[in-house]
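A short write-up of the structure that comes next.
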Amino acid sequence: MESRAACTMLYHLLLQTVKTQQSAGVSPGQPHLLQDELYGDVDVEKAVNDLSQAASGGSLYVIADEVGSELSRVYRINSYQTLCELLLTRVPRLHLWAASCFHDFTPAGWRVEYLTRPLRSPPAVVREVEQDEMITRDGYVLPYSERGVPDHTDGPPVTRLCHRGQGHSGRRAFECIRCGREVASFLHSLRVGVTGRSTTTSTTLTSTSGGTTPPCLQWRDVLVLYWGDARLKSDMVTGLQEAGIPVQVMKDDDMEDVVRARSDVVWVASGHRVRGLERKVVVYLEELLGSMYNFTSPRLDLMSRCTSRLVIVSPDDKPLQSD
């Protein structure tokens, strides 16, 4: 599940490339999206068999993104390494590329490149992400290095809202209509989804033609992220809807829609469903996580999805990780 969004996105990008090459008269190979869970020996054996059959004695090119997870790391499950080792024995002409934020999932002897320059997010967001305990305390993820290019701007400041005070209800922001309204008010202040009028004047005619310009930000540019199972009905969602925000809670069947940003809506999703995706505006609903969630990385997995404007809604208690 953790890599499904990223791999689905890569699959569609490859399909676009294939179509472009075909229109130019080139006959490339056909990409295939293979979705297998790798939680045990039986799962690994099935995936190896599927890939071996796809190779049919020829070359096999495999791209795997978002390899490994906090859950695999905590419980010392490394099915991916087993998969790679078995593939090497069964597919002689194997070409495999994989990416992971964790630096200890690589099979022994394989070439490794460490990419640690923060290029996705502006400095204001990077400073939040690099405080994640997977980086600072556990060492599971390598720290950021210097960006290597000039920062022309620090980026928009991180916006912090608090689930506290008059009108707020429930223990968590997700249970609060008031928090939904405050998030909606912030999104409206960014003029998300607002179109403008453009006027073009001809130099040879005295008439003026007007047209509609697309909005700088669209609803599909926004993600509201949290930890836990999908909550199809919540007071937060109700607050957003009452304020006129087109919002939808992501389910498994919505993966394609979210990956390709087809619907112009604000998607509300659990963090593990959107790994590898990026959005201009990310609203993170912070929670106080107990020991059963000790494998979560809210900064690393959720805040890092943001390419411009980050909003953090904190509970009425001490935040999970201090600044």
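Descriptive notes on the structure:
- Ranked by the mean number of other Cβ atoms within 10 Å of their residues, highest first, the peptides 3-12, 93-102 fall in the order 3-12, 93-102.
- Peptides ranked, highest mean first, by Cβ atoms within 10 Å: ranges 127-139, 299-311: 299-311, 127-139
- Residue-normalised accessible area of the range 1-136, expressed per residue, 1.4 Å probe, Å²: 60
- Normalised contact order of the range 108-175, rounded percent, pairs of Cα under 8 Å and 6 or more residues apart: 33
- Shape of the range 14-72, Cα gyration tensor, a/c cut at 1.5: oblate
- Sequentially through the range 167-184, phi angles give Karplus couplings (6.51, -1.76, 1.60; θ = phi - 60°) of x, 7, 9, x, 7, 10, 4, 5, 9, 10, 5, 4, 4, x, 5, 5, 5, 4 Hz, Gly and Pro residues having no value and appearing as x.
- Long-range amide H partners of residue 98 with built H, under 5 Å: 64
- Remark: spin-label model distance residue 53-residue 162 equals 5.8 nm, labels positioned 7 Å along the Cα→Cβ axis.
- Gyration tensor (alpha-carbon) shape descriptor, the range 104-175, a/c threshold 1.5: oblate
- The simple spin-label model puts a point 7 Å past each Cα toward its Cβ; for residue 34 and residue 113 those points are separated by 2.3 nm.
- Distances between placed amide hydrogens fall under 5 Å for residue 265 paired with 220, all partners being 5 or more residues away or on another chain.
- Annotation for residue 78 and residue 27: the two label points, set 7 Å from Cα along the Cα-Cβ direction, are 4.3 nm apart.
The values are calculated or read from the model by the stated rules, or taken from the named source; none is laboratory data. Keep in mind the model is a prediction, meaning the values are calculated, not measured. As a convention, Cβ positions derive from the backbone with ideal geometry for all residues, glycine included, and neighbour counts pool all protein chains shown. Ligands, DNA and RNA are excluded from the accessible area calculation, which covers all protein heavy atoms including side chains. Shrake-Rupley method; radii C 1.70, N 1.55, O 1.52, S 1.80 Å.
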